[in-house]
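See below for the structure under consideration.
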Amino acid sequence: MTWVLFLALAQAAAPTQIERGEARFHDAAKGCGACHAMKGKGTAVGPDLKDMSRLSPKAIAMGVRSTVTQYVQVVKLKSGEQFPAMPPKDNATEIYDLSKMPPAAIKATKADVASTSANNDWKHPAVAMKLSPDEMADLVAYIRFAGANNRQPVSPDDVQ
Ligand code: HEC
């Protein structure tokens with residue numbers, strides 16, 4: 001085997017940045033796919049990342065690291081149960097209790113919600129994951145590919 005052929009094969013076998021990001025995103029133990037669905041994989045507990053996938057790498061990384069929540073509320077059901085969750089949309093038949101990991105689906109519609117109040121306790125788990133700049137770049141590259149079909153490489157400098 002010549003070196004040229006060997007190098008070509010080695011390169012073919014090395015995962016691309018998008019593939020690395022996909023593996024990290026859907027990692028069973030500490031992934032994002034437990035709460036975000038992309039390309040039909042994962043569970044849609046949190047917001048759809050498709051809209052965000054069109055933004056700059058920096059803006060997406062800020063969304064991942066954000067310590068304030070804009071959707072999650074403390075939801076109190078008429079049954080008395082109370083937990084942090086994204087309030088159910090009009091036609092939704094379940095709501096995810098974010099105090100559990102993985103979040104627990106509870107059968108409830110909008111009509112079952114007694115009240116909602118500001119969330120001060122639940123934090124986006126990605127904040128505690130302490131993602132390295134390389135990991136963040138891989139994740140952002142995957143989100144941009146999966147949501148917006150964008151194959152542009154993302155440099156760790158773009159997500160600082
Ligand atoms: C336990 C569930 C959970 C896990 C795990 C999780 N997220 Fe999230 N994510 C959420 C929820 C819920 C929100 C909405 C927070 C809010 O209220 O602003 C969110 C918000 C986001 C946003 C901002 C979306 C927007 O429209 O503002 C991005 C980007 C994101 N997550 C990416 C990730 C990535 C990447 C990972 C893995 C490293 C991850 N998330 C892990 C539940 C999760």
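The values are calculated or read from the model by the stated rules, or taken from the named source; none is laboratory data. Keep in mind that this is a model prediction, so the values were computed, not measured. Cβ placement follows ideal geometry from the backbone for every residue including glycine, while neighbour counts extend to all protein chains displayed.
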Residue in region 109-120 that is more than 19 Å from Gly31 (Cα to Cα), in contact with a helix residue (DSSP H, G or I) (Cβ under 8 Å, 6 or more places away or on another chain) and surrounded by 14 or more Cβ atoms within 10 Å (Cβ to Cβ) present: no
Filtered residues of region 99-149 (kept if part of a helix (DSSP H, G or I), under 28 Å from Val74 (Cα atoms) and either within 13 Å of the ligand (Cβ to nearest atom) or touching a residue at least 12 places away in the same chain (Cβ under 8 Å) (or both)): Lys110, Asp112, Pro125, Ala126, Val127, Ala128, Ile143
Check on Pro133, farther than 22 Å from Val64 by Cβ, in contact with a helix residue (DSSP H, G or I) (Cβ under 6 Å, 6 or more places away or on another chain) and surrounded by 14 or more Cβ atoms within 10 Å (Cβ to Cβ): no
Unmet requirement for Asn91, which otherwise passes all of (1) outside the structural domain of Gly21 (by TED's automatic domain parsing); (2) within 8 Å of the ligand (Cβ to nearest atom): (2)
Residues of region 20-53 classified as in contact (Cβ under 8 Å) with a residue 12 or more places away in the chain, more than 11 Å from the ligand (Cβ to nearest atom) and assigned to a helix (DSSP H, G or I), total: 2
Qualifying positions in region 75-93 - out of contact with any helix residue (DSSP H, G or I) (no Cβ under 6 Å at 6 or more places or on another chain), surrounded by fewer than 14 Cβ atoms within 10 Å (Cβ to Cβ) and over 30 Å from Met136 (Cβ atoms): Ser79, Gly80, Asp90, Asn91, Ala92, Thr93
Only listed residue being within 9 Å of the ligand (Cβ to nearest atom), aliphatic (A, V, I, L, M), over 24 Å from Glu22 (Cα atoms) and surrounded by fewer than 18 Cβ atoms within 10 Å (Cβ to Cβ), chosen from Val72, Val68: Val68
Per-region count, region 71-88, residues in a strand (DSSP E or B) and not hydrophobic (A, V, I, L, M, F, W, C): 4
